[in-house]
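Worksheet: the structure to be examined is printed underneath.
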Amino acid sequence: LLPLSARALGEEGSFKYALFHSMHPIDKFYEYCSADWNKYMRMLKENNDCADKPDLEYPYTKDMVRSWFHKYTTSLGIHITPEGPSEDQKRAIIERAKKNDLSLQLEMIPSLVRE
């Protein structure tokens with residue numbers, strides 16, 4: 001039974017990819033990162049005798065992020081984008097996950113009845 005347990009993961013990677021990009025689209029995520037950078041820069045200036053130091057811009061651009069996604073896609077052959085999957089892809093991922101979960105539950109019924 002253990003070798004078959006990996007099937008329980010099913011669409012986990014795809015599901016997380018879709019979920020993350022739904023909750024944190026690239027523009028929103030970039031804003032979070034930039035705001036966090038600025039917060040820590042202010043904290044350092046206020047608390048570490050760095051008040052006279054110049055502000056540093058957030059070091060990453062959206063174009064850099066897009067290049068990382070492109071490199072990942074070309075290096076591993078797994079197509080991903082900073083924008084995440086399309087709405088149609090998200091629906092397909094959810095449907096496959098539901099079907100896989102139902103299949104595993106139905107498969108377990110004989111074992112559960114024996115117990």
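The values are calculated or read from the model by the stated rules, or taken from the named source; none is laboratory data. None of the values given here were measured: they were computed from a predicted structure. These area figures cover heavy atoms from the full protein model, side chains too; ligands, DNA and RNA do not enter into them. Shrake-Rupley method; radii C 1.70, N 1.55, O 1.52, S 1.80 Å.
See the values below:
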| quantity | calculated |
| --- | --- |
| Kirkwood-type radius of segment 1-41, with distances r between different C-alpha atoms, in Å | 12.6 |
| Relative contact order [Cα under 8 Å, 6+ residues apart], the chain, whole percent | 40 |
| Carbon + sulfur, % of accessible area of the chain - ligands and nucleic acids excluded, 1.4 Å | 61 |
| Calculated from backbone phi, Karplus (6.51, -1.76, 1.60) coupling profile of segment 77-86 in Hz, x at Gly/Pro | x, 10, 6, 9, 9, x, 7, x, x, 5 |
| Enclosed volume per residue, in Å³, of the convex hull spanned by Cα atoms of the chain | 180 |
| Principal-axis tilt of helix 62-76 within the chain, Cα atoms, nearest 10 degrees | 40 |
| Count, lysine Cα pairs under 25 Å in the chain, 8 or more residues apart or across chains | 18 |
| Residues with amide H under 5 Å from that of residue 80, placed H, sequence gap 5 or more | 73 |
| Tilt relative to the chain, helix 26-47 - C-alpha long axis, 0 to 90 degrees, to 10 | 40 |
| Accessible area per residue, Å², the chain with all protein chains present, probe 1.4 Å | 81 |
